[in-house]
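The values are calculated or read from the model by the stated rules, or taken from the named source; none is laboratory data. Everything numeric here is computed off the predicted structure, so don't read it as measured data. As a convention, Cβ positions derive from the backbone with ideal geometry for all residues, glycine included, and neighbour counts pool all protein chains shown. Side chains included, ligands, DNA and RNA excluded: accessible areas come from the protein's heavy atoms. Shrake-Rupley method; radii C 1.70, N 1.55, O 1.52, S 1.80 Å.
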Amino acid sequence: MTEPEVLCGYTEEVSMARFVYISIGGGVACIGCICNLILLYLFTFRQLANSPPQLYPAILAFLDTLLCFFFLMIFVVDVNMIYNKSEYLFLLFHRYIIMTFCTAKLVQFLIPYLLMLGTLERYTWIDNKHNKMALLQPKYRPFTLGGLLLGAIMLRVPSAMALTVTQFPKCADFFRTLAESTLYMVYDVYGIACLQTFCPFLCLTVLNFVIVSKLAKIDAAQCPTKEMKGSPTKRKRSRVLSSLRISKLQITSTVRNAIYTMVAIVSTYLISNSLHILLTLLEVTKASVLVDEHDPYKASLLYTLLGDAVSLLYMVSSAVRILIYTYCNPAIRYQLFSFLGLRYERKDSDQSKIIIASPLLIEGQLSNSV
């Protein structure tokens with residue numbers, strides 16, 4: 001028996017509510033592009049006071065800029081062209097969507113692995129293995145990044161080659177006469193989803209847990225005996241607080257703040273990825289709730305909402321990184337305020353007052369102080 005001919009392409013419903021929240025997300029994405037470009041400038045052209053190496057944060061800021069930009073090019077344009085019935089946008093969108101979509105998927109693949117490199121690097125600072133891991137040494141970092149990029153491209157090439165824009169000339173709805181389709185759905189759903197979603201989630205969760213546990217042990221070992229005296233409540237409170245700070249006797253405040261910042265950034269990614277895992281599981285199991293009951297080539301409302309939520313969470317987590325850096329790292333906060341021409345009252349404990357040292361000196365201090 002032959003399968004019935006598909007007359008119209010796959011589509012999603014665009015209600016007024018969806019148009020509004022995607023448009024608001026577009027505004028956040030614009031702000032995110034600007035903020036991440038500022039971060040990229042600070043990490044690249046400003047020398048932060050006694051700060052650890054900023055190569056990974058700089059690359060992450062660049063990827064975050066691209067992610068926010070692609071949100072505008074894909075989701076905002078897609079929703080606007082359907083809601084406003086713009087045939088010009090519809091045709092323009094399907095001219096650039098293949099290249100844009102493939103590049104966006106590549107960026108989305110690279111971000112968690114770059115977070116893993118940054119997290120692993122910071123873990124070595126507190127685990128006295130800074131000189132033992134060659135991939136994290138300054139002279140090897142470009143090769144590490146190059147290998148990561150090459151591997152990601154090789155993994156994404158099959159999907160990119162199989163992705164095409166299919167025409168449906170017999171469809172009565174003009175906005176369903178063109179649609180994206182792929183030949184390697186199984187590869188995308190099972191292979192790439194595992195490498196991009198599940199593996200980074202597990203690795204980053206374990207690394208964050210190990211880092212917090214390690215910091216707690218460091219702080220407990222350095223905690224004065226008199227602080228352990230007192231009621232059981234105070235001792236319990238001391239243990240809880242020890243997991244949230246790093247002893248100043250072990251590492252410098254700049255390294256401590258860099259670790260805080262990476263832990264916070266990874267935490268926002270894990271929150272975003274949690275919902276993505278749920279959506280991926282539904283896609284892998286081909287759940288019927290993802291398909292409209294009246295049209296098998298139309299996404300259900302639940303599928304549309306989940307997809308939008310995942311994309312919005314990823315975009316927002318990239319857009320708000322500047323807030324995390326500003327809150328967790330006084331050196332970056334000082335440079336940011338200086339860049340914006342704002343006054344910033346520095347405290348005596350603020351490392352932004354420390355005399356700026358060379359990157360090589362910082363590398364040596366990191367390896368000798370932990």
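If you check Val210 against the conditions, is it at pLDDT 80 or above, of a type in the set (A, V, I, L, M, F, W, C) and open to solvent by 80 Å² or more (accessible area, probe 1.4 Å)? When the stated conditions are applied, Val210 does not pass them.
When the stretch 163-180 is filtered for residues that are out of contact with any helix residue (DSSP H, G or I) (no Cβ under 8 Å at 6 or more places or on another chain) and more than 16 Å from Thr100 (Cβ to Cβ), the ones remaining, listed by number, are Thr166, Gln167, Pro169, Lys170, Cys171, Ala172, Asp173, Arg176, Thr177. Kindly evaluate Cys30 against the criterion of being over 25 Å from Arg122 (Cα atoms), in contact with a Cys (Cβ under 9 Å, 6 or more places away or on another chain) and surrounded by 18 or more Cβ atoms within 10 Å (Cβ to Cβ). Criteria not met by Cys30.
Looking across Ser317, Ser274, one residue alone is at pLDDT below 85 and either in a loop (DSSP other than H, G, I, E, B) or not basic (Lys, Arg) (or both). It is Ser274. Would you be able to say whether some residue in the stretch 122-145 is surrounded by 12 or more Cβ atoms within 10 Å (Cβ to Cβ), touching a helix residue (DSSP H, G or I) at 6+ places or on another chain (Cβ under 6 Å), modelled with pLDDT of 85 or more and not acidic (Asp, Glu)? Yes, there is a match, as at least one residue in the stretch 122-145 is surrounded by 12 or more Cβ atoms within 10 Å (Cβ to Cβ), touching a helix residue (DSSP H, G or I) at 6+ places or on another chain (Cβ under 6 Å), modelled with pLDDT of 85 or more and not acidic (Asp, Glu).
For every residue, the table says whether it meets (1) more than 28 Å from Glu293 (Cα to Cα); (2) touching a helix residue (DSSP H, G or I) at 6+ places or on another chain (Cβ under 6 Å); (3) surrounded by fewer than 17 Cβ atoms within 10 Å (Cβ to Cβ).
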site: Cys8; (1), (2), (3): no, yes, no
site: Phe19; (1), (2), (3): no, yes, yes
site: Ile24; (1), (2), (3): yes, no, yes
site: Leu42; (1), (2), (3): yes, yes, no
site: Met73; (1), (2), (3): yes, yes, no
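Screening Val310, Val266, Val291 for residues that are closer than 22 Å to Asn208 by Cβ, buried (at least 16 other Cβ atoms within 10 Å of the Cβ), touching a helix residue (DSSP H, G or I) at 6+ places or on another chain (Cβ under 8 Å) and free of Cβ contacts under 8 Å to residues at least 40 places away in the same chain leaves exactly one candidate, Val310.
Across the stretch 146-205, the qualifying residues are those that are touching an Asp or Glu at 6+ places or on another chain (Cβ under 7 Å) and at pLDDT 80 or above, and the one among them that is nearest to Lys298 (Cα to Cα) is Phe174.
Taking (1) touching a residue at least 60 places away in the same chain (Cβ under 8 Å); (2) more than 24 Å from Pro200 (Cβ to Cβ) in turn, Leu117 satisfies each apart from (2). For first residues located in the stretch 94-112 and among the aliphatic types (A, V, I, L, M), partners that are outside any helix (DSSP H, G or I) and crowded, with 17+ Cβ neighbours inside 10 Å and lie 6+ apart or on another chain with Cβ distances below 8 Å form the pairs Ile98/Leu163. So which residues in the stretch 336-353 are assigned to a helix (DSSP H, G or I), modelled with pLDDT under 85 and open to solvent by 20 Å² or more (accessible area, probe 1.4 Å)? Of everything in the stretch 336-353, just one residue is assigned to a helix (DSSP H, G or I), modelled with pLDDT under 85 and open to solvent by 20 Å² or more (accessible area, probe 1.4 Å), namely Lys353.
If you go through the stretch 285-293 one residue at a time, do you hit one that is over 27 Å from Thr205 (Cα atoms) and of a type in the set (Asp, Glu)? Among the residues of the stretch 285-293, at least one is over 27 Å from Thr205 (Cα atoms) and of a type in the set (Asp, Glu), which makes the answer yes.
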